[in-house]
Amino acid sequence: EQASAAPPGAEDLLFLPYLSGERTPVADPHARGAFVGLSIAHTRSHLARAVFEGITFGARDGLDLIREAGTSIDSVRLSGGGARSPMWRRLCADVFGVPATLVNTSEGAAYGAALIAGAGCGMFDSVEAAADQTIRETERIEPSSDAAAYPAILARYRKLYPALRQFFPKRSD
């Protein structure tokens, strides 16, 4: 709720979400998180919004790697704890620039592994058949008018790691 009270871009406050290093697209176990642009004018709402946006920008970096490999992405599916947040579901659609769909399971990786195992032991004809028979979209969120603001904010976010890299410790905590 607090994050929803701040505007897209959290009034120029950015959050780098590398709290325990980073793997994709930056392979740096020493990378660390940071708030950049923090002022006395920012509130808890701005901090919360910046955290949600930073995490979503990190996911967008991974999505863009998939796109660069030649895969066309026309929607994304959301599951897990974060998917319970209507604000985060909207943010995903806006930042990814494609519809985000909620599915009928809150388990992501574990559920997928179970479906793969089911296909492997013959319970399903294929992994695709397993997904088709068990996964249902329960909500579809189209990108909103806020989506237009995110390319510029994302471009600023992507400058953070190269600019801050020199300040990260060269040891693991």
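The values are calculated or read from the model by the stated rules, or taken from the named source; none is laboratory data. These numbers were taken from a predicted model, which means no experiment stands behind them. All Cβ positions, even for glycine, are placed from backbone atoms using ideal geometry, and neighbour counts span all protein chains on display. Keep in mind that these areas ignore ligands, DNA and RNA; they rest on the heavy atoms of the full protein, side chains included. Shrake-Rupley method; radii C 1.70, N 1.55, O 1.52, S 1.80 Å.
Please sort 96-106, 46-56, 72-82 by packing, taking for each peptide the average over its residues of neighbouring beta carbons within 10 angstrom, highest first. The partial results should precede the final answer.
Numbers: 96-106: 17.9, 46-56: 22.4, 72-82: 13.6.
My ranking of the peptides, most packed first, is 46-56, 96-106, 72-82.
When the Karplus curve 6.51 cos²θ - 1.76 cosθ + 1.60 is applied with θ = phi - 60°, which whole-Hz ³J(HN,Hα) does each residue of region 76-82 get, with x for Gly and Pro?
Calculated HN-Hα couplings, in order: 10, 9, 10, 8, x, x, x Hz.
For Cα pairs less than 8 Å apart in space and 6+ apart in sequence, what is the mean separation divided by the residue count of the chain, i.e. the relative contact order in percent?
Numbers: 241 pairs, mean separation 41.4, N = 173.
Result for the chain is 24 percent.
Under the rule of at least 5 residues apart or a separate chain, name every residue whose amide H is placed under 5 Å from the amide H of Glu22.
Asp28, His30, Ala31
Could you give me the ³J(HN,Hα) list for region 153-159, computed from phi with Karplus coefficients 6.51, -1.76, 1.60 and θ = phi - 60°, whole Hz, x at Gly and Pro?
Result, rounded to whole Hz: 5, 4, 4, 5, 4, 5, 7.
Checking a compactness column here: for region 113-173, what do you get for Rg(Cα) / (2.2 N^0.38 Å), N being the number of residues? List each step's numbers first, then the result.
On the way: Rg = 21.4 Å, N = 61, 2.2 N^0.38 = 10.5 Å.
Working it through for region 113-173, the quotient is 2.04.
Might you report the magnitude of the Cβ-based charge dipole of the chain about its Cα centre, with Lys and Arg at +1 and Asp and Glu at -1, to the nearest 20 debye? Don't jump to the answer; show the numbers that get you there.
Working: 18 positive and 20 negative charges, 138 e Å.
Charge dipole, the chain, about its Cα centre: 660 debye, nearest 20.
Under a plain spin-label model, where a point goes 7 Å from the Cα along Cα-to-Cβ, how far apart in nm are Ile66 and Ala27?
2.1
Roughly speaking, what is the stretch gain from Ser4 to Ser126, that is 0.36 nm per residue apart minus the C-alpha to C-alpha distance, in nm to one decimal? It would help to have the intermediate numbers written out before the result.
Details: separation 122, 0.36 × 122 = 43.92 nm, distance 4.07 nm.
That works out to 39.9 nm of additional length.
Hey, got the Cα dimensions of region 81-140 along the principal axes, in Å, largest first?
Principal extents (largest minus smallest coordinate, Cα): 39, 19, 17 Å.
Taking every eigenvalue of the Cα gyration tensor of the chain, multiplying by 5 and rooting it, what semi-axes result, largest first, whole Å?
Working: eigenvalues 197, 84, 42 Å².
They are 31, 20, 14 Å, listed from largest to smallest.
Got a sec? Which residues in region 8-29 would a label at Ala155 touch, if it sits 7 Å along Cα→Cβ and we count backbone N under 16 Å?
From region 8-29, the list is 9, 12.
Mind listing the phi-derived Karplus ³J(HN,Hα) values for region 91-99, rounded to whole Hz, using 6.51, -1.76 and 1.60 with θ = phi - 60°, and x for any glycine or proline?
Karplus values, whole Hz, x for Gly and Pro: 4, 4, 4, 5, 6, 6, x, 9, x.
Using the Cα centre as the reference, give the magnitude of the dipole from point charges on the C-beta atoms of region 1-52 (Lys, Arg: +1; Asp, Glu: -1; all else neutral), rounded to the nearest 20 debye. Don't skip to the end; give the middle numbers.
Values: 4 positive and 5 negative charges, 22 e Å.
Taking the Cα centre of region 1-52 as origin, the dipole is about 100 debye.
Could you work out [θ]222 nm for the chain from helices alone, using -39500 (n - 2.57) per DSSP H run of at least four and dividing by all its residues? Round to the nearest 500 deg cm²/dmol. Write out the running numbers ahead of the final one.
On the way: 6 runs with 69 residues, N = 173.
Estimated from H runs of four or more residues: -12000 deg cm²/dmol.
With every protein chain left in place, what is the accessible area per residue of region 32-173 in square angstrom, probe 1.4 Å? Provide the component values of the computation, followed by the final result.
Values: 8080 Å² over 142 residues.
Averaged over the residues of region 32-173, the accessible area is 57 Å².
Which cross-chain or sequence-distant (5 or more) residues have an amide H under 5 Å from the amide H of Leu78, H modelled 1.01 Å from N in plane?
Thr101, Leu102, Val103
With just the Cα atoms defining each centre, how far is region 71-136 from region 139-168? Give it in Å.
Result: 23 Å between the Cα centres.
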